1. For segment B:64-201, what's the relative contact order in percent, using C-alpha pairs closer than 8 Å and at least 6 residues apart?
2. Within chain A, what's the longest stretch lacking GluC sites (Glu not before Pro) that sit in DSSP loops with no more than 16 other Cβ atoms inside 10 Å?
3. Using a basic spin-label model with each label point 7 Å from the Cα along Cα→Cβ, how many nm lie between B:S57 and B:L203?
4. Of the candidates A:G137, A:G80, A:G226, which one comes out as most mobile in a Gaussian network treatment of chain A with C-alpha springs shorter than 10 Å?
5. Just to be sure I understand: with springs between alpha-carbon atoms less than 10 Å apart, which residue in A:P46, A:P24, A:P99 has the highest mean-square fluctuation in the Gaussian network model of chain A?
6. Using Cα springs under 10 Å in a Gaussian network model of chain A, which residue among A:V237, A:V139, A:V23 shows the largest mean-square fluctuation?
7. Hey, rough spin-label estimate for A:D221 and A:K56, points 7 angstrom out along Cα→Cβ, what's it come to in nanometres?
8. Near A:K222, which aspartates and glutamates are there with a Cα under 12 Å away, not counting those fewer than 8 places off in the same chain?
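Every number here is computed from the coordinates shown, using simple stated rules; none is lab data. Every value quoted in this text rests on a predicted model; they were computed, and no experiment measured them. Glycine also receives a Cβ, built like all others from the backbone with ideal geometry; neighbour counts cover every protein chain displayed.
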Amino acid sequence: MAQIFKPAMNTVCTVSIFVGAVVPFAILFTGSRITRGPLNTKVENPLDQPAPFSHKHHAYELGLDCRFCHTGVEDNAQAGLPATEVCMTCHSQIWTNSPNLEAIRKSWESNTPIQWNKVNTVPDFVYFNHSIHVARGIVCNNCHGPVNKMPMTWKGEDFRMMWCLECHKDPSKYLYKDDAHPELTPKQQVFNFYKKLAAGDPLTPEEQELADGLPQLVPPDKTHEGVALMKERGINVKQLKDCYICHH
Amino acid sequence: MAVWLDSRRGAVRAAKALAAAIVTAALVGGCHQDMWSQPKAKAQSKNDMVFADSSNSRPTVPGTVAYGKADLDHEFETGYDRNGHLVKEFPMPVTPDLVKRGQDRFRIFCTPCHGELGDGQGFIAKRGFTQARPVGNYLTERLRNMPIGHFFDVITNGYGTMFPYRSRIVPYDRWAIASYIRVLQVSAHTPVSEIPADKQAELNAMKYTPDQDAPKELPIGPPPARELNAPGGQAGNRVASGMTTIPAATNGGRH
């Protein structure tokens, strides 16, 4: 009786087993890398804007408070983009000939709002509220990346649900505490962080990470401090994982 | 085939397969973004469905009163009494909390031009805001003798090249800032000998001089001023004509 399989079938078998086992995973892996990568999420992708506004210049080099322009951040769901009036508060007198500010002047003279390109968005079924996050001590950079280093603004994090939950499962790793200013409320400490950056004050390693846009992870030996902070600031972790917290 | 369909069991199976196919087709065909981008007006978003200019909200008509913001307490809302005179007394008790709130707000909105000390030497002033006229110095004789309503009025309506801040600071916070301005005025003209002894030591340890941070020469000179609002004079006299897009705090942060 003749051989059913020729010796070459060994190779065919090996290759087909390999392809069958690896290729589906490779396709899934590549697909997930593409959908989770900057191509889809637009992370670290500076957008063109009507006027080339620099957070690095205004918030870091000058030391302008975040709340000078984003007036809603303490009390409202939205931090809010400033009205043209806010730009013109200074730029009616400063850099009045700059071509970079042409769009601002045009908006002011024609009484038409500037249409900025939106950098950060969440789906319409997500109800994000800025005020509660800053009130409990989440620094702007935690979610928005190194804003103090952005000449043009980019999206700092991908805002996927998994990313939100990373903190909602255990916020103790991300809560900001300024040991140099214990007399301030958590919210005041958040904004004082940018004052410290602008003034060139000495930073702790965790603060340096925050300034560089890396997630501020509390070192393992300080975990108990984060847990104590959560208790002190009345953060109920069980509640944070409920669906209705973000989807109501 | 016919035999297979004849059996009752076979018919049920075929119906199930058909149902599964329909459901799968519906699920696949139903994959769209309606939940992701809903036809609703979100703050400061673009919306082509309602108004021709794609804006979700309308500019306020001059004289619009926000809901719940009727001018019932005239002195609190304007800084003037009913006879048109600047008020001389705070329309609320001046407490440490009020002053602390004022300090907090002052450091956001006022220090860029007026400086931490209120001497008109903020970083924006140093960068050329003084070209048209000097930034106000609270420590002068004239401003120290001003009735408190003046400061409230200036924050509300602007003054000279200073823009109005009524859209950015609520009345209570404006009074809080006014109280902190008074604190700066008093502290700048209080002799060290009048300060309690333990605080004197604290003060001496700080060794702070106002000019310490001042640059030796003016940084980056601004380009020559451009006539922004030719017939109407100073740009600062032109109030925001209803184009404020800052979301009002009237909804208390709810959606």
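1. Answer for segment B:64-201 is 28 percent.
2. It runs A:45-182.
3. Distance between the two pseudo-spin positions: 4.5 nm.
4. Evaluated over chain A, the most mobile residue of the options is A:G80.
5. The residue that fluctuates most here is A:P24.
6. Largest GNM mean-square fluctuation: A:V23.
7. That separation, rounded to one decimal, is 3.5 nm.
8. A:E206
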